[in-house]
1. Among the residues of region 218-232, are any farther than 21 Å from residue 27 by Cα, at pLDDT below 95 and acidic (Asp, Glu)?
2. Could you please find all residues in region 168-180 being of a type outside the set (Phe, Trp, Tyr), in a loop (DSSP other than H, G, I, E, B) and surrounded by 11 or more Cβ atoms within 10 Å (Cβ to Cβ)?
3. Among the residues of region 7-35, write down those that are closer than 14 Å to residue 103 by Cβ and small (Gly, Ala, Ser).
4. Which of the residues belonging to region 139-176 are at positive phi and out of contact with any Ser or Thr (no Cβ under 9 Å at 6 or more places or on another chain)?
5. Specify which of the listed residues (165, 126) is closer than 25 Å to residue 75 by Cα and either loosely packed, with under 13 Cβ neighbours inside 10 Å or at pLDDT 95 or above (or both).
6. Among the listed residues 137, 101, 96, identify the single one that is touching a strand residue (DSSP E or B) at 6+ places or on another chain (Cβ under 8 Å), outside any helix (DSSP H, G or I) and in contact (Cβ under 8 Å) with a residue 24 or more places away in the chain.
7. Tell me yes or no: at least one residue of region 71-87 is closer than 14 Å to residue 121 by Cα, of a type in the set (Ser, Thr, Tyr) and assigned to a loop (DSSP other than H, G, I, E, B).
8. Quick one: count up the residues across region 12-38 that are in contact with a Lys or Arg (Cβ under 8 Å, 6 or more places away or on another chain) and under 22 Å from residue 275 (Cβ atoms).
Amino acid sequence: MNEQSHYFTTNDGAKIYYRDCGNGQPIFLLHGWLCSSKFWERNINSLAKKFRIIAMDLRGHGSSSKILSGHTVDQYARDVRELIEYLDLCDLVLVGWSLGGPTVLSYWKQYSSNSRLKGMGLVDMTPYPFSAEDWNGHALRNYNADAMNLSFSVYQKNPREYVETFIHKMFKDGQVSPEDMDWIVIEMLKTPPIIGVAAYSDYLMSDYTAVLPTISVPTIVFSGEIGIYLDGYKQGRHIASSIPHGTFIGFHDAGHMLFYEQPEKFNQAVAKLAE
């Protein structure tokens, strides 16, 4: 596999790290909160045999610069657009996991008139974490700002302990191998807490539910059975049913990191969307 790592600079000066490998129809992968492109390790190599894979680290995350400004879902989407234009990508599939999901929706909201997209993937995500609606399975649903602030206090006091607890929630039944725990902790601690708090608070309070009915490209909604969300299947089915060309794919015996726990099933679905 011919893979290269690169940086490009956004209009406001953020240095964005991205991986570029393979050839063919482009697939663009967006990670979740505190995570990085490394989380797609079990997907990139397989998909790059047939497609061109772009995986970026959001500003402030992973190997990207720790610029203190611009940590909103909308700005993350603008960063994605800049990279797409920089690489002159067309007819691509844009896939977002967790926080990356609303970033994909923000991208569609801002650029639907010239999206350059042929399809989208929304991976174990909610379009509005604070929503009080029954379909929303986020732990801070119903505008729970008090719990949000308490969580941020715990995170800032002891980041390592916080992310270790968070990692257990990302896997079904909390089962994480020591090897996975080690590398995931390293990746998640690359994001400074001040950036993590800024990004997550904006994510919680940003509502993209109205975007769903406007999506005109085929979209797959992937959901884990049990993990971060109270009822991932219920949430995923609702999201998929709200999208005109939406398809729901559930991952039995997988949690929030369904693409890592069951990579073959995930890779096949994304490949079909990109073909």
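1. Yes, there is a match, as at least one residue in region 218-232 is farther than 21 Å from residue 27 by Cα, at pLDDT below 95 and acidic (Asp, Glu).
2. 176
3. Answer for region 7-35, where residues must be closer than 14 Å to residue 103 by Cβ and small (Gly, Ala, Ser): just 32.
4. Residues satisfying the conditions are 173, 174.
5. Being closer than 25 Å to residue 75 by Cα and either loosely packed, with under 13 Cβ neighbours inside 10 Å or at pLDDT 95 or above (or both) holds for just one of 165, 126, which is 126.
6. Within the list 137, 101, 96, the selection yields 96.
7. no
8. 8
The values are calculated or read from the model by the stated rules, or taken from the named source; none is laboratory data. In this text, all values refer to a predicted model and were calculated from it rather than measured experimentally. Backbone-built Cβ (ideal geometry, glycine too); neighbour counts: all protein chains shown.
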